[in-house]
Amino acid sequence: MATAAQNTTPRKLRVATTSLAGCFGCHMSLLDIDERIIDLAKLVEFDRSPINDIKHCGPCDIGIIEGAVCNAENVHVLHEFRANCKILIACGACAVNGGLPAQRNHLDVAEILKHVYGDLDGKPSAPNDPELPLLLDKVRPLNEVVRIDYFIPGCPPSGDTIWKYVTDLISGNNPRLSFELLRYD
Amino acid sequence: MPNLETAPSPQKLRRIAIDPVTRVEGHGKVTILLDEENKVHQVRLHIVEVRGFEKFIEGRPYWEVPVIVQRLCGICPVSHHVAAAKAMDIIAGYGTLPPAAEKLRRLMHYGQMVQSHALHFFHLASPDLLLGFDSDLTRRNIMGVLADFPEIAKQGVFMRKFGQEVIHHTAGKRIHGTGAIPGGMNKALTQEERDLLRNGVDQIVEWAIGSVRMIEKLHLTNPRFYNHFAEFGTNMMGLVRSDGAMDLYHGGLRATDAGKKIIFDHADYSQYDRMLQEGVKPWSYMKFPYIKSLGPEHGWYKVGPLARVQICDFIPSPEAESERKKMMAMGEGRPVHGTLFYHWARLIELLHAAEVIRDLLDDPEILGKDLMADKGPWRGEGVGVIEAPRGTLFHHYRVDKDDLVTFCNLIVSTTNNNQAMNEAIRAVALQYLDGCEITEGLLNHIEVAIRAYDPCLSCATHALGQMPLEVSLQDAAGAMVSRLCRNSDGAIV
Amino acid sequence: MTIERYITIDGEIVHFGAGQTILQAALAAGVFIPHLCFHPDFGPHASCKLCTVTVDGRNGSACATPAMPGQEVHSDTPELNARRRVLLQMLFVEGNHFCPGCAKSGNCKLQALGYELEMFNAHYAHFYPNRGLDASHPDILLDRNRCIMCELCVRASRDVDGKSVFALAGRGRASHLVINSPSGKLGETEFALSDKAAHVCPVGAIMPKRVGYSVPIGERQFDHDSLRQKVKKHTEWRSSGEERDGATKELVNGSVAVNSVKEG
């Protein structure tokens, strides 16, 4: 009978991903690893991610989050990830510093909604169904809400950048990015 | 079909949520209200996020806009990039683009068509179609397709890669590049880049033909199911060339009813706000546009591949046109409206885009170095419209004499499909869920219907428009209590 | 007896000319020391503190410390780079530096230093100040969101252009760039696109209008070479006596990177 020590195939790492207030560009960049996705499938298995149908995050080794925090639901999802992921990575400009959506931070949310959805007989007519999460007054990067272990800047970070960063992590090294791979735009 | 938008007494009903809707781009959820016998009373697709791009674009200089707005969406950034650049060409007073510049923009845009359609079909939707709507949910994803259908999955991965490389060589990077600038393009294509892409494109065309044949075969295994899944007739809208051909980069607006009878044709898209109007519903941040002359009840429509393939008179590339005829034959002379036809139409467009890329690369003008149009007098206002992968995309801006944006209105493709997607999930709920024991597989049927539209919910959630807008307040019995309209110039009537 | 005029920087021998500071000597020799507020055409400002080095055991600004024979200078050390990274991070959170939407991206010295010092995020809580922009000038856009208050424009306008268009006002967090005109608007001043002050901004605060993004990705200053590599290459070009097209073009464009290695 094989013992655990004799079993040479390492356990696949479990990875969850999500997008908060982001554009999915970072997930697209993740897919820009192109055919390396076949290699990736040998190294990791996916927990919750927009590319599969798992709706909630379970215990994971690595969580990758794109997008900033802009509403109450984003906060819940971020906490779910932090509670379940041993390593949490903020991926892309929005997750790292708020990104372009943070340009709304000097605007008043109520004014924005009024401007967009209009006023009806003095009452705001912005959508207000309980199913819709409330907007936060400011868009925040992830590390202003929970502890984040690693940051990959870029809008989006390229497929090569994400690949280098994540494979460094998977192989147990401290991730480093060469000059060509580290970009803020 | 009973009205499932709003249940008369929701508090007595049981709520089921699909949250988040997955294998789509962006943030959405579906709520379903059921009674004790699992009879469906209310079904809604909620768009749960707002980001306000249109608002914070105001006050920014106009040359930044094509670069900023593409951050609306990481799947179809080129659409926003090019639509904004088209509007800025007009605003800054530029004349007709030199042939090389227009062809490079087209190349970039059709490159995006290939990558976006390949991504959507292979990475996001194919797990449902190839593995089964109610197959094991832990395998119902691209990894599962890679394991069971490695060749098909790899072709999808390589087709997407090719599209991304076309974008990379025209925009400087794969996602969120800078190729289009007001008045033209900033980068010529080198001979080396042209040859590299030209060498790859024949294989892409071949795979694209194979993909269309595959979906055709799939339809024919069970035509009753594929033809009638979430089937309901709607108006359709899209751009067409002056000769009625499909053109995804430029044209006039054509809208038809469900039977393909013309509502308006070759309409100047800069007058879009005379033809379209948007409504607001309290339960979604995404607005509900409709054709003004038909009103909100009957004026909603669908856009995107299924509309475009059917409203055009022909597709101007031979392989795609021949595949189009095969799909149209399924309707026996009438347009097809089954929701799953979206995939078929999308793959026909993928094929068309690959053919167009091949022809553009064979055109010597694509290597031209004259990339900027001549500048005439300042215009200050402009509308740029393009057929994005998901449908007609409107960008409308005004810029003041100091070069700062004072007004921005975007109607993104997915917003156009808002009502149609809601109707589709209601049709599925009635067809498959009503009175049944609700299982995960059945709920996935709802998502399958949403996915067919390839919604780009990020795009939609950024849009905070200033369209002509109608807001109405209804009492509990649904009677209108109050109504307000705002024109696109902001006047309240 | 002659005194050999050289210092060592991180163990490397660097010769210096009469009156040169440590930073000037280093850049002339192709040795990179991070800096932001320094420009070869102006005297030392010593406000950004990024060029802080250890000279014979004591820390000081390389831009304001005269080179003296035999000085032992340490610059590229983990301790000093960590401090520089913190300074950068504070600059990033203090303003609104959204690289993805900025036309200076790829040509921005603040960004290039971030790459150089491997800054992965800004660490501190962002201020997201509401600073606004001034588009009143027909040819030049002033975006205060991106200003890092290095005062290069202030110095250039006062000392070279003789116009004194810019000044800093306020203190601490409230510091901001002000314009010397009755309305406080740039459009009312004599400021011109040909002014030195229009071409010294290391970030995207003062930019010519209507030309944003005309240089494609891949051809921008820092797309392929880091600041460190640029300084090294420029010195090599100069010592080979070759006039490289790239170098000339960048000088004409007012490149901060290459400008800053011109002879002081």
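The values are calculated or read from the model by the stated rules, or taken from the named source; none is laboratory data. Note that this is a predicted model, so its numbers are computed, not measured. Cβ coordinates were reconstructed from backbone atoms using ideal geometry, including for glycine residues, and neighbour counts include every protein chain displayed. Only protein heavy atoms, including side chains, enter the accessible area calculation; ligands, DNA and RNA are left aside. Shrake-Rupley method; radii C 1.70, N 1.55, O 1.52, S 1.80 Å.
How many Å² of accessible surface get buried when C and B come together, counting both sides, probe radius 1.4 Å, rounded to the nearest 100?
Values: alone 13270 and 18640 Å², together 30330 Å².
So the total buried area for this chain pair works out to about 1600 Å².
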So the FRET efficiency between B:HIS228 and B:GLU37, C-beta based with R0 = 25 Å and rounded to 0.05, is 0.50
Euclidean distance of C-alpha centroids, region C:138-204 and region A:47-99, integer Å
42 Å
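Provide the buried accessible surface between chains A and C in square angstrom, both chains summed, 1.4 Å probe, rounded to the nearest 100. Could the numbers behind the result be given before it?
Numbers: alone 11160 and 13270 Å², together 22100 Å².
Chain pair A/C: roughly 2300 Å² of buried accessible area.
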Round to the nearest 0.05 the FRET efficiency obtained for C:MET90 and A:VAL146 when R0 = 30 Å and r is the Cβ-Cβ distance.
0.85
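Using DSSP to define loop residues, name the trypsin sites (Lys or Arg not before Pro) in region B:343-403 whose beta-carbon has at most 11 other beta-carbon atoms within 10 Å. Intermediate results must be reported in sequence, preceding the final value.
Working: sites: B:ARG346, B:ARG358, B:LYS369, B:LYS375, B:ARG379, B:ARG390, B:ARG398, B:LYS401; in loops: B:LYS369, B:ARG379, B:ARG390, B:LYS401.
Of the trypsin sites (Lys or Arg not before Pro), the ones in loops of region B:343-403 whose Cβ has at most 11 other Cβ atoms within 10 Å are B:LYS369, B:LYS401.
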Taking amide H atoms as placed 1.01 Å from N in the peptide plane, list the residues 5 or more away in sequence, or in a different chain, whose amide H sits under 5 Å from that of C:ILE140.
C:LYS209
Measure off 7 Å from each Cα along the Cα-to-Cβ vector at C:HIS224 and A:ASP168, then give the distance between these two points in nanometres to one decimal.
2.4 nm
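Determine the total buried accessible area between chain B and chain A, counting protein heavy atoms only with a 1.4 Å probe; round to the nearest 100 Å². Walk me through the numbers before you get to the answer.
Details: alone 18640 and 11160 Å², together 24530 Å².
Looking at B and A, the buried total is near 5300 Å².
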Length gained if B:GLU365 through B:GLU297 is fully extended, taking 0.36 nm per residue and subtracting the Cα-Cα distance, is 19.7 nm
Can you compute the modelled spin-label distance between B:GLN203 and A:SER178, with each label point 7 Å from Cα toward Cβ, in nm?
2.4 nm
Could you work out how far apart the two model spin labels at B:HIS266 and B:GLU440 are, taking each label as a point 7 Å from the Cα in the direction of the beta carbon, and quote it in nm?
5.5 nm
Express the carbon and sulfur contribution to the solvent-accessible surface of chain A as a percent, rounded to the nearest whole number, probe 1.4 angstrom.
56 percent
Inside 10 Å of the C-beta atoms of C:226-234, what's the mean count of C-beta atoms belonging to other chains?
1
In degrees between 0 and 90, to the nearest 10, how far off the longest principal axis of chain C does helix C:78-94 point, with axes built from Cα atoms?
10 degrees
By how many nm would the segment from B:MET372 to B:LYS217 grow when fully extended, if each residue of separation counts as 0.36 nm and the alpha-carbon distance is taken off?
51.2 nm
Of all stretches in chain C that avoid GluC sites (Glu not before Pro) placed in a DSSP loop and having at most 16 other Cβ atoms within 10 Å, the longest is C:5-117
At a Förster radius of 22 Å, what calculated FRET efficiency corresponds to the Cβ-Cβ distance of C:ILE13 and C:GLU236, to the nearest 0.05?
0.80
Counting alpha carbon pairs within less than 8 Å and at least 6 residues apart, what relative contact order, in whole percent, applies to region C:131-216?
36 percent
Amide H neighbours of B:GLU231 under 5 Å, at least 5 residues apart or on other chains, H built in the peptide plane: list them.
B:THR339
